[in-house]
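J.: One structure, as C-alpha coordinates, below. Some questions next.
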(Lines give C-alpha, C1' and ligand atoms only; values in the text may rest on other atoms or scores of the structure.)
Protein backbone atom coordinates (compact mmCIF):
# COMPACT_ATOMS: atom_id res chain seq x y z
CA UNK A 1 0.00 0.00 0.00
CA UNK A 2 1.05 3.59 -0.65
CA UNK A 3 1.54 6.20 2.07
CA UNK A 4 -0.73 9.25 1.62
CA UNK A 5 0.39 12.76 2.46
CA UNK A 6 -2.36 15.31 3.14
CA UNK A 7 -1.27 18.84 2.29
CA UNK A 8 -3.54 20.93 4.49
CA UNK A 9 -4.32 24.58 3.75
CA UNK A 10 -7.55 24.98 5.74
CA UNK A 11 -8.52 23.27 8.94
CA UNK A 12 -12.01 21.83 8.50
CA UNK A 13 -11.47 20.51 4.98
CA UNK A 14 -8.20 18.84 5.90
CA UNK A 15 -9.78 17.21 8.95
CA UNK A 16 -12.73 15.98 6.88
CA UNK A 17 -10.38 14.53 4.25
CA UNK A 18 -8.32 12.77 6.94
CA UNK A 19 -11.40 11.29 8.62
CA UNK A 20 -12.92 10.17 5.32
CA UNK A 21 -9.69 8.48 4.21
CA UNK A 22 -9.32 6.60 7.49
CA UNK A 23 -12.98 5.65 7.74
CA UNK A 24 -12.90 4.39 4.16
CA UNK A 25 -10.64 1.59 5.38
CA UNK A 26 -13.27 0.32 7.79
CA UNK A 27 -16.08 0.81 5.26
CA UNK A 28 -14.29 -1.33 2.69
CA UNK A 29 -12.65 -3.96 4.88
CA UNK A 30 -14.70 -4.08 8.07
CA UNK A 31 -11.46 -3.62 10.03
CA UNK A 32 -9.97 -0.56 11.70
CA UNK A 33 -7.17 -0.47 9.14
CA UNK A 34 -6.17 1.88 6.37
CA UNK A 35 -3.01 2.84 4.46
CA UNK A 36 -0.53 5.06 6.27
CA UNK A 37 -1.35 8.76 6.19
CA UNK A 38 0.57 11.86 7.28
CA UNK A 39 -0.85 15.39 7.45
CA UNK A 40 1.21 18.59 7.27
CA UNK A 41 -0.28 22.03 7.86
CA UNK A 42 1.10 25.54 7.79
CA UNK A 43 -1.84 27.67 8.96
CA UNK A 44 -3.53 29.37 6.01
CA UNK A 45 -3.61 32.68 7.87
CA UNK A 46 0.08 33.11 7.13
CA UNK A 47 -0.75 33.11 3.40
CA UNK A 48 -3.79 35.39 3.38
CA UNK A 49 -1.84 38.56 2.57
CA UNK A 50 -0.35 36.78 -0.44
CA UNK A 51 -3.78 35.58 -1.55
CA UNK A 52 -5.21 39.08 -1.32
CA UNK A 53 -2.22 40.45 -3.26
CA UNK A 54 -2.58 37.79 -5.94
CA UNK A 55 0.91 36.52 -5.12
CA UNK A 56 0.27 32.87 -5.91
CA UNK A 57 3.99 32.14 -6.21
CA UNK A 58 4.47 32.97 -2.53
CA UNK A 59 1.62 30.66 -1.56
CA UNK A 60 3.09 27.93 -3.76
CA UNK A 61 6.41 28.21 -1.93
CA UNK A 62 4.67 27.69 1.41
CA UNK A 63 2.73 24.72 0.09
CA UNK A 64 5.87 23.23 -1.48
CA UNK A 65 7.53 23.28 1.95
CA UNK A 66 4.67 21.17 3.29
CA UNK A 67 5.01 18.72 0.39
CA UNK A 68 8.72 18.43 1.15
CA UNK A 69 7.96 17.60 4.77
CA UNK A 70 5.43 14.99 3.65
CA UNK A 71 8.08 13.42 1.43
CA UNK A 72 10.51 13.36 4.33
CA UNK A 73 7.84 11.62 6.42
CA UNK A 74 7.68 8.82 3.85
CA UNK A 75 4.58 9.77 1.84
CA UNK A 76 4.40 8.41 -1.71
CA UNK A 77 1.89 10.95 -3.04
CA UNK A 78 -0.24 13.81 -1.78
CA UNK A 79 -3.68 15.33 -1.93
CA UNK A 80 -4.54 18.91 -1.01
CA UNK A 81 -8.10 19.16 0.35
CA UNK A 82 -8.26 22.87 -0.42
CA UNK A 83 -9.58 23.88 -3.83
CA UNK A 84 -8.26 27.43 -3.80
CA UNK A 85 -4.75 26.19 -3.00
CA UNK A 86 -4.64 24.48 -6.39
CA UNK A 87 -4.51 27.89 -8.05
CA UNK A 88 -1.15 28.37 -6.34
CA UNK A 89 0.00 24.81 -6.93
CA UNK A 90 -0.57 25.37 -10.65
CA UNK A 91 1.90 28.27 -10.77
CA UNK A 92 4.94 27.30 -12.89
CA UNK A 93 7.96 26.35 -10.84
CA UNK A 94 10.15 23.45 -9.79
CA UNK A 95 8.43 20.08 -9.59
CA UNK A 96 6.89 19.38 -6.21
CA UNK A 97 8.72 16.65 -4.27
CA UNK A 98 5.72 14.29 -4.58
CA UNK A 99 3.09 13.63 -7.24
CA UNK A 100 -0.43 14.63 -6.33
CA UNK A 101 -4.07 14.21 -7.26
CA UNK A 102 -5.66 17.42 -8.57
CA UNK A 103 -8.91 18.02 -6.70
CA UNK A 104 -10.70 19.74 -9.59
CA UNK A 105 -9.93 16.80 -11.88
CA UNK A 106 -11.31 14.37 -9.30
CA UNK A 107 -14.53 16.37 -8.87
CA UNK A 108 -14.99 16.87 -12.62
CA UNK A 109 -14.42 13.16 -13.27
CA UNK A 110 -17.18 12.34 -10.78
CA UNK A 111 -19.54 14.84 -12.37
CA UNK A 112 -18.89 13.29 -15.77
CA UNK A 113 -19.38 9.76 -14.39
CA UNK A 114 -22.77 10.85 -13.05
CA UNK A 115 -23.76 12.32 -16.41
CA UNK A 116 -23.97 15.91 -15.18
CA UNK A 117 -24.29 18.64 -17.80
CA UNK A 118 -24.47 21.90 -15.79
CA UNK A 119 -22.92 22.16 -12.34
CA UNK A 120 -23.21 25.02 -9.86
CA UNK A 121 -19.93 25.99 -8.20
CA UNK A 122 -19.79 27.05 -4.52
CA UNK A 123 -16.42 27.94 -2.99
CA UNK A 124 -14.26 30.81 -1.86
CA UNK A 125 -14.33 33.95 -3.97
CA UNK A 126 -10.89 33.01 -5.25
CA UNK A 127 -12.15 29.65 -6.52
CA UNK A 128 -15.48 30.90 -7.85
CA UNK A 129 -13.80 33.72 -9.77
CA UNK A 130 -10.88 31.56 -10.89
CA UNK A 131 -10.27 29.16 -13.78
CA UNK A 132 -10.10 25.78 -12.01
CA UNK A 133 -13.65 24.53 -12.34
CA UNK A 134 -14.74 26.20 -15.59
CA UNK A 135 -11.69 24.57 -17.19
CA UNK A 136 -12.04 21.14 -15.58
CA UNK A 137 -15.75 20.92 -16.33
CA UNK A 138 -15.43 22.29 -19.87
CA UNK A 139 -12.84 19.60 -20.68
CA UNK A 140 -15.61 17.06 -19.99
CA UNK A 141 -18.37 18.92 -21.80
CA UNK A 142 -19.95 20.22 -18.59
CA UNK A 143 -21.01 23.84 -18.04
CA UNK A 144 -19.97 25.57 -14.80
CA UNK A 145 -22.58 27.91 -13.35
CA UNK A 146 -21.70 30.56 -10.75
CA UNK A 147 -23.99 32.27 -8.24
CA UNK A 148 -24.54 35.98 -8.82
CA UNK A 149 -22.02 38.46 -7.39
CA UNK A 150 -24.00 39.20 -4.22
CA UNK A 151 -24.42 35.52 -3.45
CA UNK A 152 -20.74 34.86 -4.13
CA UNK A 153 -19.87 37.49 -1.51
CA UNK A 154 -22.19 35.82 1.00
CA UNK A 155 -20.75 32.36 0.33
CA UNK A 156 -17.21 33.66 0.80
CA UNK A 157 -18.05 35.52 4.00
CA UNK A 158 -19.63 32.45 5.58
CA UNK A 159 -16.58 30.35 4.68
CA UNK A 160 -14.03 32.69 6.23
CA UNK A 161 -16.00 34.06 9.18
CA UNK A 162 -17.86 30.90 10.18
CA UNK A 163 -16.96 27.56 8.63
CA UNK A 164 -13.18 27.97 8.89
CA UNK A 165 -13.70 28.78 12.58
CA UNK A 166 -15.89 25.76 13.28
CA UNK A 167 -19.14 27.77 13.31
CA UNK A 168 -22.11 26.03 11.65
CA UNK A 169 -25.12 28.34 11.54
CA UNK A 170 -28.64 27.36 10.52
CA UNK A 171 -29.13 30.90 9.19
CA UNK A 172 -26.16 30.47 6.86
CA UNK A 173 -27.37 26.99 5.87
CA UNK A 174 -30.68 28.45 4.77
CA UNK A 175 -28.89 31.12 2.72
CA UNK A 176 -26.76 28.48 1.01
CA UNK A 177 -29.85 26.39 0.30
CA UNK A 178 -31.52 29.46 -1.23
CA UNK A 179 -28.50 29.92 -3.52
CA UNK A 180 -28.58 26.24 -4.51
CA UNK A 181 -32.29 26.60 -5.36
CA UNK A 182 -31.42 29.52 -7.62
CA UNK A 183 -28.81 27.40 -9.37
CA UNK A 184 -31.39 24.65 -9.85
CA UNK A 185 -33.76 27.21 -11.38
CA UNK A 186 -30.96 28.11 -13.83
CA UNK A 187 -30.75 24.54 -15.06
CA UNK A 188 -28.03 23.03 -12.85
CA UNK A 189 -28.28 19.30 -12.27
CA UNK A 190 -25.71 19.21 -9.43
CA UNK A 191 -23.80 21.55 -7.14
CA UNK A 192 -20.06 21.26 -6.52
CA UNK A 193 -19.06 22.02 -2.94
CA UNK A 194 -15.57 23.18 -3.83
CA UNK A 195 -14.61 24.74 -0.58
CA UNK A 196 -13.88 21.68 1.52
CA UNK A 197 -15.55 23.25 4.59
CA UNK A 198 -18.95 23.63 2.88
CA UNK A 199 -19.91 19.95 3.44
CA UNK A 200 -19.90 20.75 7.16
CA UNK A 201 -22.90 23.00 6.41
CA UNK A 202 -24.57 21.44 3.36
CA UNK A 203 -25.26 17.71 3.28
CA UNK A 204 -26.95 15.69 0.53
CA UNK A 205 -30.04 15.29 2.73
CA UNK A 206 -30.80 19.03 2.76
CA UNK A 207 -29.67 20.09 -0.71
CA UNK A 208 -32.20 20.40 -3.53
CA UNK A 209 -29.43 19.41 -5.97
CA UNK A 210 -27.12 16.39 -5.84
CA UNK A 211 -23.82 17.42 -4.24
CA UNK A 212 -20.26 16.88 -5.38
CA UNK A 213 -18.34 16.92 -2.08
CA UNK A 214 -14.76 17.77 -3.02
CA UNK A 215 -13.27 16.88 0.38
CA UNK A 216 -14.72 13.38 0.45
CA UNK A 217 -14.24 12.74 -3.25
CA UNK A 218 -10.52 13.48 -3.14
CA UNK A 219 -10.12 11.43 0.06
CA UNK A 220 -11.75 8.40 -1.56
CA UNK A 221 -9.72 8.85 -4.72
CA UNK A 222 -6.61 8.93 -2.53
CA UNK A 223 -7.68 5.68 -0.87
CA UNK A 224 -8.03 4.08 -4.31
CA UNK A 225 -4.48 5.16 -5.16
CA UNK A 226 -3.12 3.96 -1.85
CA UNK A 227 -4.56 0.45 -2.26
CA UNK A 228 -3.67 0.15 -5.94
CA UNK A 229 -7.15 0.54 -7.39
CA UNK A 230 -6.24 3.81 -9.13
CA UNK A 231 -3.02 4.72 -10.90
CA UNK A 232 -0.45 6.78 -9.07
CA UNK A 233 -0.79 10.45 -10.04
CA UNK A 234 1.88 12.10 -12.14
CA UNK A 235 1.12 15.80 -11.60
CA UNK A 236 3.82 17.60 -9.58
CA UNK A 237 2.38 21.10 -9.69
CA UNK A 238 2.38 23.54 -12.56
CA UNK A 239 -0.21 24.23 -15.24
CA UNK A 240 -2.81 21.62 -16.11
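The values are calculated or read from the model by the stated rules, or taken from the named source; none is laboratory data. All values reported here derive from a predicted model rather than from experimental measurement. Neighbour counts run over all protein chains shown; Cβ positions are idealised from the backbone, glycine included.
J.: Taking the stated definitions as given, is residue 188 under 24 Å from residue 14 (Cβ atoms), in a loop (DSSP other than H, G, I, E, B) and touching a residue at least 40 places away in the same chain (Cβ under 8 Å)?
T.: no
J.: Kindly establish whether residue 119 is touching a helix residue (DSSP H, G or I) at 6+ places or on another chain (Cβ under 6 Å), in the same structural domain as residue 147 (by TED's automatic domain parsing), in contact (Cβ under 8 Å) with a residue 24 or more places away in the chain and not in a helix (DSSP H, G or I).
T.: Judged against the criteria, residue 119 is a match.
J.: Also: Output the helices (runs of 4 or more DSSP H) that fall wholly within segment 1-84 and possess 2 or more residues being in contact with a helix residue (DSSP H, G or I) (Cβ under 6 Å, 6 or more places away or on another chain) and buried (at least 19 other Cβ atoms within 10 Å of the Cβ), or say none.
T.: In segment 1-84, 11-29, 56-72 are the helices (runs of 4 or more DSSP H) which contain 2 or more residues that are in contact with a helix residue (DSSP H, G or I) (Cβ under 6 Å, 6 or more places away or on another chain) and buried (at least 19 other Cβ atoms within 10 Å of the Cβ).
J.: What's the number of the only condition in (1) assigned by TED's automatic domain parsing to the domain that holds residue 21; (2) not in a helix (DSSP H, G or I) that residue 220 fails to meet?
T.: The failed condition is (2).
J.: Here are some residues: 234, 205, 229, 181. Which one is modelled with pLDDT of 95 or more and either in a helix (DSSP H, G or I) or on the phi > 0 side of the Ramachandran plot (or both)?
T.: Criteria check complete, one pass: 181.
J.: Please verify whether residue 194 is under 17 Å from residue 82 (Cα atoms), touching a residue at least 60 places away in the same chain (Cβ under 8 Å) and not assigned by TED's automatic domain parsing to the domain that holds residue 92, treating the condition exactly as stated.
T.: Considered against the rule, which asks whether it is under 17 Å from residue 82 (Cα atoms), touching a residue at least 60 places away in the same chain (Cβ under 8 Å) and not assigned by TED's automatic domain parsing to the domain that holds residue 92, residue 194 comes out as yes.
J.: Quick test of your reading of the structure: residue 102 fulfils all but one of (1) in contact with a strand residue (DSSP E or B) (Cβ under 7 Å, 6 or more places away or on another chain); (2) surrounded by fewer than 24 Cβ atoms within 10 Å (Cβ to Cβ); (3) within 26 Å of residue 201 (Cβ to Cβ). Name the failing condition by number.
T.: (1)
J.: Mind listing whichever residues of segment 97-112 are over 11 Å from the mean Cα position of the chain (by Cα) and more than 14 Å from residue 240 (Cα to Cα)?
T.: 97, 98, 109, 110, 111, 112 - these are the residues of segment 97-112 that are over 11 Å from the mean Cα position of the chain (by Cα) and more than 14 Å from residue 240 (Cα to Cα).
J.: In addition: For segment 174-188, give me each residue that is touching a helix residue (DSSP H, G or I) at 6+ places or on another chain (Cβ under 9 Å) and surrounded by fewer than 19 Cβ atoms within 10 Å (Cβ to Cβ).
T.: Once the filter is applied, which keeps residues that are touching a helix residue (DSSP H, G or I) at 6+ places or on another chain (Cβ under 9 Å) and surrounded by fewer than 19 Cβ atoms within 10 Å (Cβ to Cβ), segment 174-188 yields 175, 178, 182.
J.: Report yes if residue 196 is part of a loop (DSSP other than H, G, I, E, B), buried (at least 21 other Cβ atoms within 10 Å of the Cβ) and at pLDDT 95 or above, otherwise no.
T.: On the way: part of a loop (DSSP other than H, G, I, E, B): yes; buried (at least 21 other Cβ atoms within 10 Å of the Cβ): yes; at pLDDT 95 or above: yes.
So residue 196 fits the description; yes.
J.: For segment 49-72, which residues satisfy the criterion of being more than 16 Å from residue 124 (Cβ to Cβ) and in contact (Cβ under 8 Å) with a residue 40 or more places away in the chain?
T.: Of everything in segment 49-72, those that are more than 16 Å from residue 124 (Cβ to Cβ) and in contact (Cβ under 8 Å) with a residue 40 or more places away in the chain turn out to be 60, 64, 66, 67, 70, 71.
J.: I'd like the full set of residues that are surrounded by fewer than 22 Cβ atoms within 10 Å (Cβ to Cβ) and under 17 Å from the mean Cα position of the chain (by Cα), limited to segment 113-143.
T.: Passing the criteria: 125, 126, 129, 130, 131, 134, 135.
J.: Can you work out which of the residues in segment 203-237 that are free of Cβ contacts under 8 Å to residues at least 40 places away in the same chain and touching a helix residue (DSSP H, G or I) at 6+ places or on another chain (Cβ under 7 Å) is farthest from residue 126 (Cα to Cα)?
T.: This residue is 230.
J.: Could I ask something else about it? Among the numbered criteria (1) over 18 Å from residue 235 (Cα atoms); (2) surrounded by fewer than 22 Cβ atoms within 10 Å (Cβ to Cβ); (3) in contact (Cβ under 8 Å) with a residue 60 or more places away in the chain, which one does residue 90 miss?
T.: Condition (1) is where residue 90 drops out.
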